[in-house]
Structures are given as C-alpha cells and as structure tokens.
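Peer 1: Provided herewith is a single structure, encoded as structure tokens, for subsequent inquiry.
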Amino acid sequence: MITIPHKAKQFLVFIVKLLIVVGAFYFIYNQLASNDKLDWDKFLVLYHKNQSFAGITFILFFSFLNRFFEILKWQNLAQIVKPISINEATKQVLAALTLGVFTPVGVGEYAGKALYFDKKDTKKIIFLNLICNGIQIVATGIFGILGMMILGYWLWSFAIIGITFLFILFSFLSKNITIKGYSIDNLIERINEIPKKIHRKNFVLGMCRYLVFSHQYYFLFLAFDVDLSYPILMATITTVYFLASVIPSFQFLDFALKGSLAVYFFGLLHVNEWIVVFVTTLMWFLNVVLPVIIGSYYVLIFKPYKSFKEI
C-alpha cells in the first residue's frame, strides 16, 4: 500500500480547498458578468434617487437575520450529537454553504457539515441536516400554496394539496416496506427520537427565517418603486419560491431558476423585467454571495475533526 507523506496530504487538502473557493468566486463573477438583462444604468439612476444609509442598513440586517436564524437552527439540532457554540455553528453553516454551491440540490452542504464531526456521527449529521432543511421546505410549501390561492391558481393549489395528501397516505400504508434496510417507519422513529422541544424550536426558527427573506424580497421591490398591494406582492413572492423549490436543480442554477420564474409571474403583474432581474440578483447576492465569501474563509482554515480534539 502506497503511503502519502503528511506534507503531501496537507498540500492536497489545501489545493482542494483552494479549488472550492476559486470555483465559488468564478461562479459569482460569471453570474454577474454574463447576465445581459442587468441594466446597470437604470439601476444606478434609481439608486441615486432612492439611496439611503438607513434603507441599505435595513436590507442588510434582513440578510444577517436570514443566515442567523439558519445558524440558530443548526446549533439547536447539532446539540443532539454534541453541543456547539454560535461561533462553531456559524463556521459549519457558512463553510457547508460554500461547498454546497456546486452540488445538485445542495448535497455538498450535508457533506460539509459532516466533516466537522466524528466519522461515526456522519449519518446522524446528515439526518439532522435533512431535518434542518426540511422545515424550510414545509414553510415554503405552506406559504407557497397560500400565495397561489391568493393569485387565483385554485386548480393548481388543490392539485398540489391532493398529490401531497396521496403521498402521505401512500407513505403511511407502505411505512413497513424496507428498501436497503430503511423504511418510512424507521424514519418516523428517528424523527420521534428527537426531543419535541428541539422540534418546536426548529419549527419556529424555520418560519422566522422564511418570513425574513420573503419580506426582504418585498422591501426590495418597494425600493424599486413597484406599486402593488401587499397581499399580491407577497403572494407572488411565495409562489415563485415554492415553484423554484419543487424543481430539483444544482445550487448554482437556483439563481437562474428563481430569476426566470420571477420574470414570468411578475411580468403578469406588469412589473418591468429589469426590476425583477435586479431584485432577484440582489437577493442572490445578499443571501448567497456574501455568506459564501465569508464561508470561503472558513473552508480555507478548515481542519479535520480529529484536530479539534487535539487543540
């Protein structure tokens, strides 16, 4: 068996981390530089007209809250394996986000968090991350269907509710069927093993996070002088997020997917396309790009789990 020298291992790990960071920054640059729908002249005119330090601070605070609620969610769930501080939870969430940018449906995020724990806890961490992300899917579904109803898409709303009901019914009837050692019954048991107090906190934090980033979207539209009623604007926002969430895609394509859906639905409300594109781009920049930039630092300084016990 060939043994790789310790220094060589360190160098290879550094190269992998550097490639992840460089890839993330290239993706960010490519998305901004290659989007010909971004009319920077119009944006600058509107920015100079409405610029306000208080307004910018207000919008940035929403980005902070969005990611902070996610960090609190992970700290809450990770304590099942071992208690972690806010600082450690921040490190794990942002580094995992950076790793998840390049993977389908954010799979890299699951692996990223698992790297911070002992190998024997990998399955637990992946499961907890599934619970962590699952509540956001639930929130997106609830508010998304309500949004579709407000917009008048009753047939689609009831169809989705019906399909969801049939899926739940099928899952209940087949809960004892085992596939590769796993079944719905096993999953329910594992979920029930988590204390209800932790589930309740996860639910509340998940709902808070959803309300934060959906309202950040709302306030950005107001900043761009979009004159629509609160129910219609929020219903369109929740519908776009819901439809984008049910279409599996790579994390780095999520930006384009949400943008395309937003252009279509807001176009039905006669909102200028360039405004929709800029608001969607700003949401992406504030809630993905900025955290990824910070997360890139945590990726570069990452040390395997064993080293934590040696410090």
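The values are calculated or read from the model by the stated rules, or taken from the named source; none is laboratory data. In this text the structure is predicted, and so the values were computed from the model without any measurement. Ideal geometry is used to build each Cβ from the backbone, glycine not excepted, and the neighbour counts take in all protein chains shown. We work out accessible area using only protein heavy atoms, side chains counted, and drop any ligands, DNA or RNA first. Shrake-Rupley method; radii C 1.70, N 1.55, O 1.52, S 1.80 Å.
Peer 1: So for segment 67-83 (the condition being in a helix (DSSP H, G or I) and touching a Ser or Thr at 6+ places or on another chain (Cβ under 6 Å)), does at least one residue qualify?
Peer 2: Yes, some residue in segment 67-83 is in a helix (DSSP H, G or I) and touching a Ser or Thr at 6+ places or on another chain (Cβ under 6 Å).
Peer 1: Also, quick follow-up: How many of the residues in segment 197-244 are of a type in the set (S, T, Y) and in a loop (DSSP other than H, G, I, E, B)?
Peer 2: Qualifying residue count for the region: 1.
Peer 1: Which numbered condition trips up N35, out of (1) among the polar types (S, T, N, Q); (2) under 23 Å from S245 (Cα atoms); (3) modelled with pLDDT of 70 or more?
Peer 2: Tallying (1) among the polar types (S, T, N, Q); (2) under 23 Å from S245 (Cα atoms); (3) modelled with pLDDT of 70 or more, N35 fails exactly one: (3).
Peer 1: Could you give every pair whose Cβ atoms fall below 6 Å, whose first residue belongs to segment 58-77 and is within 23 Å of F219 (Cα to Cα), and whose second residue is open to solvent by 40 Å² or more (accessible area, probe 1.4 Å) and in a helix (DSSP H, G or I), counting only separations of at least 6 or pairs across chains?
Peer 2: F69/C208
Peer 1: Tell me, which residue of segment 255-275 that is part of a helix (DSSP H, G or I) and touching a Lys or Arg at 6+ places or on another chain (Cβ under 9 Å) is surrounded by the fewest Cβ atoms within 10 Å (Cβ to Cβ)?
Peer 2: E273
Peer 1: A follow-up question, please. Condition test on I142, is it open to solvent by 40 Å² or more (accessible area, probe 1.4 Å), within 25 Å of L211 (Cα to Cα) and either at pLDDT below 90 or within 20 Å of the chain's Cα centre (by Cα) (or both)?
Peer 2: yes
Peer 1: Check I131, I137, I126 and return the single one that is part of a helix (DSSP H, G or I), over 14 Å from the mean Cα position of the chain (by Cα) and modelled with pLDDT of 90 or more.
Peer 2: I126
Peer 1: Residue check, F221 against (1) among the aromatic types (F, W, Y); (2) open to solvent by 70 Å² or more (accessible area, probe 1.4 Å); (3) over 28 Å from Q75 (Cα atoms), all met but one. Which one?
Peer 2: If we test F221 against (1) among the aromatic types (F, W, Y); (2) open to solvent by 70 Å² or more (accessible area, probe 1.4 Å); (3) over 28 Å from Q75 (Cα atoms), just (2) comes out false.
Peer 1: What's the number of the condition I247 fails, among (1) among the hydrophobic types (A, V, I, L, M, F, W, C); (2) surrounded by 13 or more Cβ atoms within 10 Å (Cβ to Cβ); (3) modelled with pLDDT under 85?
Peer 2: It fails just one condition, (2).
Each row is one residue, and each column tells you yes or no for (1) over 30 Å from T281 (Cβ atoms); (2) among the hydroxyl-bearing types (S, T, Y).
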site	(1), (2)
M148	no, no
Y153	no, yes
R200	yes, no
F221	no, no
L233	no, no
T236	no, yes
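Peer 1: So E109 fits all but one of (1) assigned to a loop (DSSP other than H, G, I, E, B); (2) farther than 20 Å from I191 by Cα; what number is the exception?
Peer 2: (1)
Peer 1: Can you report the number of residues in segment 196-218 which are in contact (Cβ under 8 Å) with a residue 40 or more places away in the chain and open to solvent by 60 Å² or more (accessible area, probe 1.4 Å)?
Peer 2: Residues in segment 196-218 being in contact (Cβ under 8 Å) with a residue 40 or more places away in the chain and open to solvent by 60 Å² or more (accessible area, probe 1.4 Å): 2 in total.
Peer 1: Please tell me if K119 is charged (D, E, K, R), over 14 Å from A235 (Cα atoms), open to solvent by 40 Å² or more (accessible area, probe 1.4 Å) and at pLDDT below 90.
Peer 2: Judged against the criteria, K119 is a match.
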